[in-house]
Structures are given as structure tokens and as C-alpha cells.
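K.L.:
My questions all concern the structure below.
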């Protein structure tokens, strides 16, 4: 198939970028003709054709609006069997709503006065979900699908739920003791302490304040925080909670796999996350996950295998109790986490995506020539 993928940035700096880049590489490996349309490309893209979209680099709203209009002008639907978008564009035949709807995001944030950027995104979103050319909407979780149904009920028949996939070769559990030793050598911490890992670019949204309060109820643990957000307000909170000496902020990291393996649990007490890729990556490394009902990834933990889902009405002491129970599972808990990831390997994910392309998006004459 000749496939166009549209995403402002391709690379490995954020969840959406990593997903789109990984999908492109896997599809290219299946001998499809892959074309990427974006503003920026970071990394290598062997066998893939890159098309730079010259969006106006002026303000978030203008940049988003110009990327939408210019990419729409650049992409001729007659040239491609499938056009997949990942966000704020309207020319796609397949849309992956990895972040949920923007209207729902604003509602969860309690934002009553949309900014210019918000209004641009809402306009694009309305046009996208009203487009007769949109044949398929891929949702990473039931929660996201429910939000789309609520906002755009006419899309119900075109929704498919496909959890994200993970590269279980890169993210693997081998070398846990080595990586744990490297972490304890790097940080001033007790080598016997349980390591809780939190990964986020938005500390408030991902619940760092909640993690700090949970830590105050687990004396034998430390919290390692990865991310580029400002730690200052949380250092103050940690002092108030009496746990400042047991929290370590280490900034952004290029390769997360060693840190996942070094941790005993990934804690992700998010307030809003349609599907947290970090949770699946941690599971692939054999590290169980503690998250909330506000994370679409929790669909994969319905039987509490591979981690725990913290209810909305539980207090911090109760959350700490769930995490301590999870930590006591030891090797069994790590094996369960790995099994969750293997059931959602990127190669299986891409095979599912290809089947959906053929079912919904490829013209009948082409689909008939492609063997499932």
C-alpha cells in the first residue's frame, strides 16, 4: 500500500511522536510505500520518503492552523491508498485519536475560557469528525472511544479500539540487576530501598503531587522523577511531606529502558491520559505499573495482572497500600507485567492496523489485490 502519515513532528521526544515514528518504520518494514508529512524529523528514516510541511513558526495557534492548511494542500488523496493523521489535520481517511478529543481535554482541565490555540484545535476537530472522507477512527482505549462517541456520536460505526503497541525487543527485562546497580551508584539512596519511578513532561497532569503524598506512606521507598518540567513547586511539597531526601529529579533521559528495569514499580497517578505509553514500556521491561482509572492503559489491567488501577475515591494511604501489595509480588509481578506487554507487541499492533486499513480505508480495487 502507498501510505501517507501526517504528524507535525516525527522522532522520539514525545508519546505521539514516538508512536507515529515507530508505526512508520514497522510499516516500511512490511514493504509498504511510506510517506511522512511533518514540520520536523529527528532520527533516521530508512526507506521512507519525507515531505517537510513549511508551517508558519509564529505562535502555537498560527503554527497549528498553518500546518493544517498547508498539509491539506500538499496531500492529494488520489496519490495514496491510505492517509493517516494523528492530530490536528482534516485530510486523512484514517485518524488515530491518541490524545482523546480536545473538547474532552478542556473539560477535564476545567478550562472555561479557551485560548486562541484551543479554538483553532476545536475548529479543526469539528471539521475532521464531520468529514465524509474520514472512514476510520482508531482509539487506544475504551475511555477514548467513549469520549469520541459522546462528542461526535455520528462516528460510532467507524470507531475501532486498538491499544498501543510496544517494541518488546528494545524494552526487555534482561539486565535488571546491572541497571539497578547503575542507578544506586548514580543517586544518594539506600541500595535496598524500593524504587518508584515517575515519568512525565507535565508533572501536574501526571500526578506528581499525588506520588509525593503516596511516598510519605511508604517508608522503605524512594521516588525517581524523569521529565523536563519545573521541579521547584514539588520540592517544596516534598519538604512539607517530610520526604525531600527520598525524591530524586533526574531530568529528561534519552533511553528509558534501563530506568524502567531499575525500578520496582512505575507510578503513574495521572489525572488525564488517554493511553500512557510509558506504562506499556515499563511492563515490557518487567516493571509493574500503578496507575489510575483516568489512564486508558488501565484497560489492560482489568484483572490486576501486571499492575494495579487505583480507584477515584481512594485516599493516599489506600493508594500506598495497593502499591506495597504490588511490590510484594516480586518476580511473579514482573513476569505478569512482561506478559501484558507481549500481548501488545508493536508487530502484532501493526498487523492489526494493516487489517483495518484494508477493511476501511483502501479502495476496493486495491484491497482486493492485497492478501490479508
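K.L.:
Among the residues of the stretch 171-179, is there at least one that is closer than 30 Å to residue 358 by Cβ and buried (at least 16 other Cβ atoms within 10 Å of the Cβ)?
P.N.:
Here is the first cut: in the stretch 171-179, the residues closer than 30 Å to residue 358 by Cβ are 171.
Cutting the leftovers down to buried (at least 16 other Cβ atoms within 10 Å of the Cβ) gives us 171.
Within the stretch 171-179, one or more residues are closer than 30 Å to residue 358 by Cβ and buried (at least 16 other Cβ atoms within 10 Å of the Cβ).
K.L.:
Do we have residue 202 as surrounded by 19 or more Cβ atoms within 10 Å (Cβ to Cβ), modelled with pLDDT under 95, in the same structural domain as residue 188 (by TED's automatic domain parsing) and farther than 16 Å from residue 179 by Cβ here? Steps first, please.
P.N.:
Working: surrounded by 19 or more Cβ atoms within 10 Å (Cβ to Cβ): no; modelled with pLDDT under 95: yes; in the same structural domain as residue 188 (by TED's automatic domain parsing): yes; farther than 16 Å from residue 179 by Cβ: yes.
Answer is no for this residue.
K.L.:
Next up: May I ask you to say which residue of 333, 321 is surrounded by 15 or more Cβ atoms within 10 Å (Cβ to Cβ), assigned by TED's automatic domain parsing to the domain that holds residue 285 and farther than 20 Å from residue 211 by Cα? Quick ask: steps written out before the conclusion?
P.N.:
Values: 321 fails: farther than 20 Å from residue 211 by Cα.
Checking each option against the conditions leaves just 333.
K.L.:
Being loosely packed, with under 15 Cβ neighbours inside 10 Å and either assigned by TED's automatic domain parsing to the domain that holds residue 6 or over 22 Å from the mean Cα position of the chain (by Cα) (or both) narrows it down to one residue among 47, 87, 99; which is it?
P.N.:
Values: 87 fails: loosely packed, with under 15 Cβ neighbours inside 10 Å; 99 fails: loosely packed, with under 15 Cβ neighbours inside 10 Å.
Only one candidate passes the filter, namely 47.
K.L.:
Pairs needed: first member in the stretch 167-182, at negative phi and touching a residue at least 24 places away in the same chain (Cβ under 8 Å); second member anywhere, assigned to a helix (DSSP H, G or I) and surrounded by fewer than 19 Cβ atoms within 10 Å (Cβ to Cβ); C-beta distance under 6 Å; at least 6 residues apart or different chains.
P.N.:
168/342; 179/258
K.L.:
Looking at residue 302 and the list (1) surrounded by 19 or more Cβ atoms within 10 Å (Cβ to Cβ); (2) free of Cβ contacts under 8 Å to residues at least 60 places away in the same chain; (3) farther than 17 Å from residue 183 by Cβ, which single condition is not satisfied?
P.N.:
Here residue 302 meets the rest and fails (1).
K.L.:
For residue 12, indicate whether it is over 19 Å from residue 133 (Cα atoms) and either outside the structural domain of residue 226 (by TED's automatic domain parsing) or assigned to a helix (DSSP H, G or I) (or both).
P.N.:
Yes.
K.L.:
Shifting gears a bit: Among helices (runs of 4 or more DSSP H) lying entirely in the stretch 264-372, which contain 1 or more residues that are at pLDDT 95 or above? Spell out the reasoning first.
P.N.:
Details: elements: 277-284, 316-327, 330-342, 346-356, 364-367.
Counting at least 1 such residues, we get 277-284, 316-327, 330-342, 346-356.
K.L.:
Checking residue 222 against (1) assigned to a strand (DSSP E or B); (2) surrounded by fewer than 17 Cβ atoms within 10 Å (Cβ to Cβ), which test does it fail?
P.N.:
Residue 222 satisfies all of (1) assigned to a strand (DSSP E or B); (2) surrounded by fewer than 17 Cβ atoms within 10 Å (Cβ to Cβ) except (2).
K.L.:
Follow-up question, since we're still on this one. Which of (1) under 20 Å from residue 68 (Cβ atoms); (2) out of contact with any helix residue (DSSP H, G or I) (no Cβ under 6 Å at 6 or more places or on another chain); (3) part of a loop (DSSP other than H, G, I, E, B) is the odd one out, the single condition residue 45 does not satisfy?
P.N.:
(1)
K.L.:
Which number in (1) modelled with pLDDT under 95; (2) assigned to a helix (DSSP H, G or I); (3) out of contact with any helix residue (DSSP H, G or I) (no Cβ under 8 Å at 6 or more places or on another chain); (4) surrounded by 15 or more Cβ atoms within 10 Å (Cβ to Cβ) marks the one condition that residue 211 misses?
P.N.:
Residue 211 satisfies all of (1) modelled with pLDDT under 95; (2) assigned to a helix (DSSP H, G or I); (3) out of contact with any helix residue (DSSP H, G or I) (no Cβ under 8 Å at 6 or more places or on another chain); (4) surrounded by 15 or more Cβ atoms within 10 Å (Cβ to Cβ) except (1).
K.L.:
Return yes when residue 28 is within 27 Å of residue 227 (Cβ to Cβ) and out of contact with any helix residue (DSSP H, G or I) (no Cβ under 6 Å at 6 or more places or on another chain) and no when it is not.
P.N.:
Taking the combined requirement at face value, the residue does not satisfy it.
K.L.:
Here is a follow-up. What residue, of 73, 68, is in a helix (DSSP H, G or I), free of Cβ contacts under 8 Å to residues at least 12 places away in the same chain and either over 30 Å from residue 284 (Cβ atoms) or in contact with a helix residue (DSSP H, G or I) (Cβ under 7 Å, 6 or more places away or on another chain) (or both)? Full working, then the answer.
P.N.:
Working: 68 fails: free of Cβ contacts under 8 Å to residues at least 12 places away in the same chain.
Residue meeting the stated conditions: 73.
K.L.:
So which of 149, 176 is over 17 Å from residue 225 (Cβ atoms) and at pLDDT 95 or above?
P.N.:
Values: 149 fails: at pLDDT 95 or above.
Exactly one residue qualifies, and that residue is 176.
K.L.:
Same structure, new question: Within the set of pairs 6+ apart or on separate chains, which have a first residue in the stretch 280-296 that is at positive phi, a second that is surrounded by 24 or more Cβ atoms within 10 Å (Cβ to Cβ) and at pLDDT 95 or above, and C-beta atoms under 8 Å apart?
P.N.:
From residues that are at positive phi, the pairs are 286/261; 286/337.
K.L.:
Of the conditions (1) more than 28 Å from residue 11 (Cβ to Cβ); (2) without any contact (Cβ under 8 Å) to a residue 60 or more places away in the chain; (3) buried (at least 17 other Cβ atoms within 10 Å of the Cβ), residue 264 clears all except one; give me its number.
P.N.:
Result: residue 264 fails condition (2) only.
Per-residue answers, yes or no, for (1) in a strand (DSSP E or B); (2) outside the structural domain of residue 129 (by TED's automatic domain parsing); (3) buried (at least 17 other Cβ atoms within 10 Å of the Cβ); (4) touching a strand residue (DSSP E or B) at 6+ places or on another chain (Cβ under 8 Å):
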| position | (1), (2), (3), (4) |
| --- | --- |
| 149 | no, no, no, yes |
| 185 | no, yes, no, no |
| 192 | no, yes, no, no |
| 198 | yes, yes, yes, yes |
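K.L.:
Just give me the residues in the stretch 272-310 being under 18 Å from residue 209 (Cβ atoms) and more than 14 Å from the chain's Cα centre (by Cα), in sequence order.
P.N.:
290, 292, 293, 310
The values are calculated or read from the model by the stated rules, or taken from the named source; none is laboratory data. As the structure is a prediction and not an experimental result, all values here were calculated from the model. Don't worry about glycine lacking a Cβ; one is built from the backbone with ideal geometry, like all the others, and counts go over all protein chains shown.
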